[in-house]
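Structure, as structure tokens:
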Amino acid sequence: MSLRLVRIDDRLIHGQVVAGWLRALGAQRIVIVDDASARDEFLREVLTLAAPQGVPVEVHDVASGAARCIELAGTPEPVIVLARSPRTILGLRQAGVPIEVVDLGGMGGSPGRRRLHKTISISPDELRELRELEQLGTRVEIQIVADDRPIPFRSLDSGN
């Protein structure tokens, strides 16, 4: 499977992704699935410029992102898929994208969110969406950087 990393990270492309994950996984393409970013031409340009030279960046809404991820999953090209929220990944999974594991990266804190682990805070809706992903057969893990040992989401999910 060429979807080497499917990651939820509200920062999308940043140092950990560029310096760590791309290199560790040998990924050759970044696919961002985010409805708001797909509608914002300036943001699409910024995201494209944030990647290392020679690494193509695609920005899609959920519908076109699902089709593109399904297409890429059938190729040998190693790809990283980034999204801002569990809802987006759930939409991809429900559309048939073969996602074995989703990695929780940075999900910032704000009112109405509880801290799950270090830099990861979730809302009640996101908690429900992550649980639904697991019910669909997608493992949810926390692995902030490539050298970290993955932490299973269910070991941190208190059931509340």
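The values are calculated or read from the model by the stated rules, or taken from the named source; none is laboratory data. Since this is a predicted model, take the numbers as computed values, not measurements. Note that each Cβ is placed from the backbone with ideal geometry, even for glycine, and that neighbours are counted across all protein chains shown. Please note that ligands, DNA and RNA were not included when accessible areas were found on the heavy atoms of the full protein model with its side chains. Shrake-Rupley method; radii C 1.70, N 1.55, O 1.52, S 1.80 Å.
Brief remarks on what is shown
- Between 0 and 90°, nearest 10: helix 41-50 axis offset from the chain longest Cα axis: 90
- Rounded, prolate or oblate (a/c below 1.5 giving rounded, otherwise prolate when a/b exceeds b/c) for the stretch 48-136 by Cα gyration tensor: oblate
- Each of Glu132, Glu45 has its accessible area taken with a 1.4 Å probe; listed largest first, they run Glu45, Glu132.
- Area accessible to solvent at Asp40, 1.4 Å probe radius, in Å²: 60
- Rounded tilt (10° steps) of 62-73 against the dominant C-alpha axis of the chain: 70
- Rounded accessible area of Glu134 (nearest 10 Å², 1.4 Å probe): 40
- Probe 1.4 Å, protein heavy atoms only - accessible area per residue of the chain in square angstrom: 49
- Computed in the context of the full set of protein chains, the accessible area of the stretch 42-91 at 1.4 Å probe radius has 61% of its extent on carbon or sulfur.
- Three-way shape label, the chain, alpha-carbon gyration tensor, a/c 1.5: rounded
- Residue-count net charge about Arg11 - beta-carbon cut-off 15 Å; Lys, Arg +1, Asp, Glu -1: -1
- The angle between the Cα long axis of helix 124-135 and the longest principal axis of the Cα atoms of the chain comes to about 80 degrees, rounded to the nearest 10.
- Within a Gaussian network of the chain (alpha carbon springs, distance under 10 Å), most fluctuating of Gln28, Gln53, Gln94: Gln53
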